[in-house]
Amino acid sequence: MRWSPLLAALPLLVAACQRPPADEGVALSPQAQKGKALFSTLCASCHAPSAKLVGPPLSEMASLYATDPEGIVRWAVTPGRKRTDVPPMPSFRGVRTSDLADVAQYIIEAGTAAGNGKQRP
């Protein structure tokens, strides 16, 4: 039987649809509110609030980029490969920088909340 990447990703997609949003119960800034919708469309299938799916959890990204949201934008435009055990992140070069900045702010705010245990179970 041939291995299918699409079938392998199916459990991750199901898990992404079943978990609560990373910002549940957290007041978000207006910029993070704008980034929330894009995050759910572009990022949520690979990134969870506090658990590793394909990519690192928001809590880890928030701790790494808390004072450097532009670093998230740079990574999204020209991602590298830090982990050999997972597929590389695709480039979001076609997404407007201002939209990526909104997503970065959402990641930092929601990830900080998840890391502090403010997310409801």
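When each of Ser45, Ser50 is tested for being at pLDDT 55 or above, touching a Ser or Thr at 6+ places or on another chain (Cβ under 6 Å), among the small types (Gly, Ala, Ser) and in a loop (DSSP other than H, G, I, E, B), the lone residue that passes is Ser50. Consider segment 86-100 and keep the residues that are open to solvent by 30 Å² or more (accessible area, probe 1.4 Å) and assigned to a helix (DSSP H, G or I). The one that is farthest from Ala27 (Cα to Cα) is Thr97. Every test in (1) open to solvent by less than 50 Å² (accessible area, probe 1.4 Å); (2) charged (D, E, K, R); (3) in contact (Cβ under 8 Å) with a residue 40 or more places away in the chain is passed by Lys36 save one, and that test is (1). So, Ser63, is that one open to solvent by 40 Å² or more (accessible area, probe 1.4 Å), assigned to a loop (DSSP other than H, G, I, E, B) and of a type in the set (S, T, N, Q) or not? Spelling it out, it is not the case that Ser63 is open to solvent by 40 Å² or more (accessible area, probe 1.4 Å), assigned to a loop (DSSP other than H, G, I, E, B) and of a type in the set (S, T, N, Q). For Val14, the stated conditions hold: it is modelled with pLDDT under 90, open to solvent by 60 Å² or more (accessible area, probe 1.4 Å) and of a type in the set (Val, Ile, Thr). Are any residues in segment 64-85 over 18 Å from Gln31 (Cβ atoms) and either in contact with a Pro (Cβ under 9 Å, 6 or more places away or on another chain) or without any contact (Cβ under 8 Å) to a residue 12 or more places away in the chain (or both), and if so, which ones? Matches in segment 64-85: Leu64, Pro79, Gly80, Arg81, Lys82, Arg83, Thr84, Asp85.
The values are calculated or read from the model by the stated rules, or taken from the named source; none is laboratory data. Given the structure is predicted, the values throughout are model-derived calculations rather than measurements. Ideal geometry is used to build each Cβ from the backbone, glycine not excepted, and the neighbour counts take in all protein chains shown. The accessibility values were calculated without ligands, DNA or RNA, using every heavy atom of the protein model including side chains. Shrake-Rupley method; radii C 1.70, N 1.55, O 1.52, S 1.80 Å.
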